[in-house]
Protein chains: 2
Amino acid sequence: MKTLSENASFGGKQIVLSHASAACSCDMTFSVFLPEEAKDGPVPVLWFLSGLTCTHENAMTKAGAQAWAAEQGIALVYPDTSPRGDDVADDEAYDFGKGAGFYVNATQEPWREHYQMYDYIAHELPEFLAENFPLDMSRQAISGHSMGGHGALTLAMTLPGRFRSVSAFAPIANPTASDWGRKQFLGYLGNNEDNWRAHDATLLMQEKGFDGPILIDQGTEDQFLDLLKPEALAAAIAARRQPATFRMQKGYDHSYFFISTFMEDHVAFHAEALYSD
Amino acid sequence: MKTLSENASFGGKQIVLSHASAACSCDMTFSVFLPEEAKDGPVPVLWFLSGLTCTHENAMTKAGAQAWAAEQGIALVYPDTSPRGDDVADDEAYDFGKGAGFYVNATQEPWREHYQMYDYIAHELPEFLAENFPLDMSRQAISGHSMGGHGALTLAMTLPGRFRSVSAFAPIANPTASDWGRKQFLGYLGNNEDNWRAHDATLLMQEKGFDGPILIDQGTEDQFLDLLKPEALAAAIAARRQPATFRMQKGYDHSYFFISTFMEDHVAFHAEALYSD
């Protein structure tokens, strides 16, 4: 483990680290915010998964979550969005390859060797965090933006019992029916679409749902609405009678200005679940 | 005037614009945050001047001021830190030329033609804002970081009656005695050091002070403390009996993590002055 930077932030610390990942067969960078309370013992954890083209850094510097996490005494974890390094396969498109891991375990060449982002986020990174930081891993919640909203929702539904609450900002809600999804799932997972189902929040909502509260914010002026397909997920939530709050936010787009505006609500929403019982 | 982007943010709008500047003889870009209240009439204005290497964008995306400005119903203005364009003189150093205008009017070649940042911020941009946006120019306050903290303090003291309050994050506090100042003032203003005095917050504090409240935050772990010289300004404030709050913040460095941590305090401090009477 190598500490790349450490900055005082809202009474706590914002740390960037790299470590050797067995799942992804490369060094991975992530950042973690520890509130002041972490000095005195384990604190709850809120994961934030980022969108296409992002690294660990975008949300750390632009989403403004530290202010509210500090207020609630909650740690934040910002993973990267794909494996990295010169020997990692890539694609020219911004939405495939590096910066676009889609939180799946690739089974196809040339992606298979490094693109194991589901295992990395679901298993390797939480184990690493539990060993190295004062985190209460019995109190975890997860959120994310766009591709990261897709990741948050699909991880929450495929790891029952892991996360107490899940939220998303403008998630890719139905990737098996979208150009943000079909190309990537075909490339990473192959042409058997049965293998795509565990990575589609709408299909997972239809099949299993989530045992906890859900909060989703989606801007009405999002330039990617046709790719995100919020209507499919909203319908699935309603059909299942899944406890959830789905908000269409008037005038907001897909940017970090949208995310930062509603971050206070999301952190407060997760804090309620993380501190219950 | 050309609108480069417009994003909904905290119930208001974050807008980036470019316009032809007569003072700087080039197109200048700036950003402005308008809170929701601006729909109904003029709102007070808080200026934020940025530091070395920054554009209008850094503070807009990383300082987190919109949350608090929205709460207080205050507009934010983020100017650029120098003239821009292919025909604008530059220097290889990060702290001279583009991104390093130091908020002075250059009198020396080759800087004289474009580097008129004092006039741009003190006169041209406020006039442009008053004509084009619902801003109450009788209620202005100013803040800034590092070189921008220097700019905020020196503009506030050389434009008496303009700003109701001034604050700074880790300002370059005594540039005539620092390598962040002497090189630039020599280059932009020439070797008569009398012409430097109006651009040194410590000297201005000794000579005139400020007719209003001052708030200054400085991190104790700032990697540039030797260049910033907070002790000179703190001594001048105390010697003058200037109403001011000067806080040395334990553990904080020079980064935006420091700025965002204390931004709520700064906006609240300015709001009190902006809404008095």
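The values are calculated or read from the model by the stated rules, or taken from the named source; none is laboratory data. Values in this document were obtained by computation on a predicted structure and should not be read as measured data. Every residue, glycine as well, gets a Cβ built from its backbone with ideal geometry; the counts of neighbours run over all protein chains shown. These accessible areas exclude ligands, DNA and RNA; they are computed on the full protein's heavy atoms, side chains included. Shrake-Rupley method; radii C 1.70, N 1.55, O 1.52, S 1.80 Å.
B:A8 meets the conditions (1) open to solvent by 10 Å² or more (accessible area, probe 1.4 Å); (2) more than 14 Å from chain A (Cβ to nearest Cβ); (3) in contact with a Gly (Cβ under 8 Å, 6 or more places away or on another chain) in every case but one. The failed one is (2).
Scanning region A:106-137 for residues that are surrounded by 21 or more Cβ atoms within 10 Å (Cβ to Cβ) and in contact with a helix residue (DSSP H, G or I) (Cβ under 7 Å, 6 or more places away or on another chain) returns A:A106, A:W111, A:Y115, A:I121, A:L135. Going by the structure shown, is B:F169 within 16 Å of B:Y78 (Cα to Cα), of a type outside the set (G, A, S) and modelled with pLDDT of 95 or more? Answer is yes for this residue. Tallying residues that are under 9 Å from B:G219 (Cβ atoms) and surrounded by 22 or more Cβ atoms within 10 Å (Cβ to Cβ) within region B:250-264 yields 3. Within region B:11-35, the set of residues being in contact with a helix residue (DSSP H, G or I) (Cβ under 7 Å, 6 or more places away or on another chain), open to solvent by 20 Å² or more (accessible area, probe 1.4 Å) and either over 16 Å from B:P79 (Cβ atoms) or within 14 Å of another protein chain (Cβ to nearest Cβ) (or both) comprises just one member, B:G11.
Answer yes or no: is there a residue in region A:156-177 that is over 21 Å from A:A238 (Cβ atoms), crowded, with 21+ Cβ neighbours inside 10 Å and in contact with a Gly (Cβ under 6 Å, 6 or more places away or on another chain). Checking region A:156-177: at least one residue is over 21 Å from A:A238 (Cβ atoms), crowded, with 21+ Cβ neighbours inside 10 Å and in contact with a Gly (Cβ under 6 Å, 6 or more places away or on another chain).
For region A:210-249, the set of residues classified as polar (S, T, N, Q), more than 10 Å from chain B (Cβ to nearest Cβ) and exposed (fewer than 15 other Cβ atoms within 10 Å of the Cβ) consists of A:Q223, A:T245, listed by residue number. A:F210 falls short on exactly one of the conditions (1) more than 12 Å from the chain's Cα centre (by Cα); (2) part of a helix (DSSP H, G or I), and that condition is (2). Taken over region B:48-95, the criterion of being crowded, with 21+ Cβ neighbours inside 10 Å, out of contact with any strand residue (DSSP E or B) (no Cβ under 6 Å at 6 or more places or on another chain), among the hydrophobic types (A, V, I, L, M, F, W, C) and in a loop (DSSP other than H, G, I, E, B) is satisfied by B:C54, B:A63.
Selection within region B:194-207: residues that are in contact with a Lys or Arg (Cβ under 9 Å, 6 or more places away or on another chain) and not hydrophobic (A, V, I, L, M, F, W, C). The member of this set that is surrounded by the most Cβ atoms within 10 Å (Cβ to Cβ) is B:T202. Summed over region A:36-62, the residues that are in contact with a helix residue (DSSP H, G or I) (Cβ under 6 Å, 6 or more places away or on another chain) and either at pLDDT below 95 or aliphatic (A, V, I, L, M) (or both) give a count of 4. For region A:236-252, the count of residues that are part of a helix (DSSP H, G or I) and touching a Ser or Thr at 6+ places or on another chain (Cβ under 8 Å) is nonzero. Reported count of residues in region A:138-167, each being in contact with a strand residue (DSSP E or B) (Cβ under 7 Å, 6 or more places away or on another chain) and part of a strand (DSSP E or B), is 9. Do we find a residue being within 24 Å of A:Y78 (Cβ to Cβ) and surrounded by fewer than 24 Cβ atoms within 10 Å (Cβ to Cβ) anywhere in region A:138-150? Yes, region A:138-150 contains at least one residue that is within 24 Å of A:Y78 (Cβ to Cβ) and surrounded by fewer than 24 Cβ atoms within 10 Å (Cβ to Cβ). No other residue among A:T202, A:T176 is more than 17 Å from the chain's Cα centre (by Cα), more than 22 Å from A:T55 (Cα to Cα) and part of a helix (DSSP H, G or I) apart from A:T176. Taking the criterion of being open to solvent by less than 40 Å² (accessible area, probe 1.4 Å), part of a loop (DSSP other than H, G, I, E, B) and touching a Ser or Thr at 6+ places or on another chain (Cβ under 9 Å), the residues of region B:96-105 that qualify are B:G99, B:G101, B:F102, B:Y103, B:V104.
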